[in-house]
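Before any comments, here is the structure.
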Amino acid sequence: MTIEVLNVSKNYEGKPYLKSASLVISSGSVISVVGPKKSGKTALLRIIIGLEEADGGQVTLLGDYKYDRLNVGAVFQDDRLCPGFTAAQNVAMVNKRFSVRAAKEELEKLLPAGTADLLVEDLTPAQRRMVCIIRACIIPSDVRLMDEPFAGMTKEEREKSIAYIRSVMANTPLVITCLPGEELPFGRTFHLT
């Protein structure tokens, strides 16, 4: 499957926000969408997901894709975790084939032992981001889209998270957004201004 983004633009309050972005996302591709704050990175991901409509251009699913929308494993800028539930419960709830026990095992690949049993509101901001990354990676997906997934992480946490993503990505395309200088150390880079 291939996702073609062609001359996508978005305006907010009459001002251009995202200007004629074009890229191709194909199986196995890894793309870092890089730009300063307010350059349209989040808008681009939201348009690809189908949460927002572009003011210009189009997103097209190419190949023999038979559905009208994508199955997306997503990490948003806000964590979108369910308070009152543990980290393991938050992971297990997004994939009915995943038990809480299996979620704990997956979480222990990134988090300290015992952390999976903590309520998400008791985790550090970086630990919450790691839970979001794992949730996005265990959902059967056509593409993984991650909006500044490493925000608030130390260098070690970021490197461990990147290694985890690489270990589970298989042929599923990955698109992340990041600020300049935070690109992934592999894949290609797409710059927004």
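Values in this text are rule-based calculations from the coordinates and carry no lab data. Small disclaimer: the values here were computed from a predicted structure and weren't measured.
Some observations on this one:
- Separation of segment 174-193 and segment 108-150, taken as the distance between their Cα centroids, equals 20 angstrom.
- Looking at the chain alone, DSSP beta bridges between its own residues are antiparallel in about 45 percent of cases.
- Compactness index (Cα Rg / 2.2 N^0.38 Å), segment 29-133: 1.29
- Segment 2-89: C-alpha pair distances exceeding 15 Å, %: 65
- Between 0 and 90°, nearest 10: helix 125-138 axis offset from the chain longest Cα axis: 70
- Cα-based convex hull, the chain, per residue volume (Å³, whole number): 120
- Gyration tensor verdict on segment 93-193 (Cα atoms; rounded if a/c is under 1.5, prolate if a/b is larger than b/c, oblate otherwise): oblate
- Theoretical ellipticity at 222 nm over the chain - DSSP helices of four or more residues, -39500 (n - 2.57) apiece, nearest 500: -8000 deg cm²/dmol
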